[in-house]
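Reading through the structure tokens given below for one structure.
The values are calculated or read from the model by the stated rules, or taken from the named source; none is laboratory data. Here the structure is a predicted model, which means the values were calculated and not measured. Note that we place each Cβ from the backbone using ideal geometry, even for glycine, and neighbour counts take in every protein chain shown. Heavy atoms of the whole protein, side chains included, go into the accessibility calculation; ligands, DNA and RNA do not. Shrake-Rupley method; radii C 1.70, N 1.55, O 1.52, S 1.80 Å.
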Amino acid sequence: MPKNHEEAPVLDALAAYRKRDELGFTPPGHKQARGAAPEVRDLLGDAVFMGDVLASGGLDDRRTKSGVLQRAEVLMADAVHAEHAFFSTCGSSLSVKAAMLSVAAHGEKLLVGRDAHKAVISGLILSGIQPVWIEPQWDTERHLAHPPSPDAYERAFEEHPDARGALVTSPTPYGVSANLRAIAEVCHRRSRPLVVDEAWGAHLPFHPDLPTWAMDAGADVCVTSIHKMGSGLEQGSVFHLRGDLIDHDTLASRADLLGTTSPSVLLYAGMDGWRRQMVREGRTLMSRALALAASVREEIESIDGMHVNDRDDFCGPGAGSGFDPLPVIIDIEELGVSGYLAADWLREHHHIDTHLMDHRRVSAQLTHADDEETTRRLTTALRDLARRAPSLPRGPVVAVPAPSELRMDQARLPRDAYFTATEDVPVERAAGRIAAEMITPYPPGIPVVLPGERLTEPVLRYLLTGLEAGMNLPDPADPELHTVRVCANDDS
């Protein structure tokens, strides 16, 4: 049946809640802002608290007979060519775990790209799923990983025919997408499902000049973060389902198992409103954003010492399949300063927050919310950085390993290594030991070290020199890496 996309069930229900002048003797305890601290109300505004109501027994009745959330999810699925949509207020970190647990169970195999986000690794640790790692396609010149190829998944299935399915990250935070259609075909020839971590691709269904949306490419489940490239609030995530290789009720049950029993209606409202916005004017908004990105890229490319990576850099044989130009990846190697230093300098001197940064790049993520004023501030700051770069400290050199040195032996399953007895050893004595923790440069949040991997000198040297240059490592027990947490009984 045709869907009425002028409707926004969550927003409409919130408006009705206010109009009825409901009085709740329930959580949340601020009671429609009345109990919130005055200074908090002054900063956040009362609208935040007025939208913060119980999902059931507030927005809807205690039995959710109005089906507010269900109707919003049906509209979302219809908008993006999925059969089902599931809203999550715990971010895509939860959504991807629910998808994984719907495909494989403890001790079963799942093909996983080794460029996966730490949320995927957390899912492996919690579930006990056995990963079969699929190597990314490495750009040795730029020291960058692109999504694995379809052939890599084909070979892995031939070697592990008992694998329950596959997971791929596409697009990457650098805007590069995998050949999803071909990977889906590899999976479906074996009646195995494909899960796509498409956290960076919520906008893709709404313009034909963007990379192919996972649902249109044949994926069985795809996970999107509405807050990344859309207009939702932080932690707003939707995962979508098509086909019959993953059972709807199983996926819903896994999401319920992991999710909160106190979901944020504010996040629901943000996702619901974003869907209506994009159905109404998504193509226009994205056309404007793409045109703006093209002009910004051209202007930055004209700055001495800066190169904006484009399709020719990132796509082709042995590299990516599709390219999203909205993440503007700026290679500043010629300036002689690291991306870490450049990002800190831009924040300190121009109040510009860049997204990704590494030993030679910074990234400025554009969305439909940007305009000539915001991008003018960006390009002005970048021109100033280029002018001042010769006087900035050079900083230490990051010892980036070759791809063959970056990959370490998976000596134990991630779950087994994480939950075993551990000890903290000085980093200079850690090589040869089995890691019991993740070590993840953030952003973008792709772990360099996983629990169960046997540590090597090149990887440890990369992390130590990266730290010295400004890399952020938020997840190890010792973020300064004076010590590393390893398995106490690793027979070393």
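Data overview
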{"item": "Net dipole in debye of the chain [+1 Lys, Arg Cβ; -1 Asp, Glu Cβ; about Cα centre; nearest 20]", "result": "1020"}
{"item": "12 Å reach of a label modelled at A182, 7 Å along Cα-to-Cβ, counting backbone N of the stretch 315-330", "result": "316-322"}
{"item": "Percent antiparallel among DSSP beta bridges (both partners in the stretch 110-187, rounded to 5)", "result": "35"}
{"item": "Student exercise, the stretch 1-41 dipole from Lys, Arg, Asp, Glu Cβ charges, in Debye to nearest 20", "result": "160"}
{"item": "Apportionment of accessible area to carbon and sulfur, the stretch 137-263, percent (1.4 Å)", "result": "42"}
{"item": "The stretch 1-113: translational diffusion in µm²/s, Stokes-Einstein, Kirkwood Rh over Cα pairs, 10 °C, 1.306 mPa s", "result": "93"}
{"item": "Exposure rank, largest accessible area first [L126, L455; 1.4 Å]", "result": "L126, L455"}
{"item": "Full-stretch length increase - F419, E22 - with 0.36 nm per residue and alpha-carbon distance subtracted", "result": "138.2 nm"}
{"item": "Accessible-area value, M306, 1.4 Å probe, nucleic acids and ligands omitted, Å²", "result": "10"}
{"item": "Residues listed by number, the stretch 234-249, amide nitrogen under 20 Å from L257 label point at 7 Å toward C-beta", "result": "238-242, 244-249"}
{"item": "Of F86, M286, A369, farthest towards positive along the dipole that unit charges on Lys, Arg, Asp, Glu beta carbons give the chain", "result": "F86"}
{"item": "Label-point separation in nm, E159 to T140, each point 7 Å along Cα→Cβ", "result": "1.9"}
{"item": "Partner lysines for K3 [C-alpha distance under 24 Å; skip if fewer than 8 residues away on the same chain]", "result": "K65"}
{"item": "Given charges at Cβ of Lys, Arg, Asp, Glu: the stretch 89-196 dipole, positive-most of L144, Q130, S177", "result": "Q130"}
{"item": "Solvent-accessible area per residue, Å², over the chain with all protein chains present [probe radius 1.4 Å]", "result": "43"}
{"item": "Value of [θ]222 nm, deg cm²/dmol, for the chain, DSSP H segments ≥ 4, -39500 (n - 2.57) each, nearest 500", "result": "-11500 deg cm²/dmol"}
{"item": "Carbon + sulfur, % of accessible area of the stretch 273-327 - ligands and nucleic acids excluded, 1.4 Å", "result": "46"}
{"item": "Antiparallel bridge percentage (DSSP; both residues within the chain; nearest 5)", "result": "65"}
{"item": "Rg/Rh for the stretch 288-418, where both radii come from Cα atoms and Rh is the Kirkwood radius", "result": "1.05"}
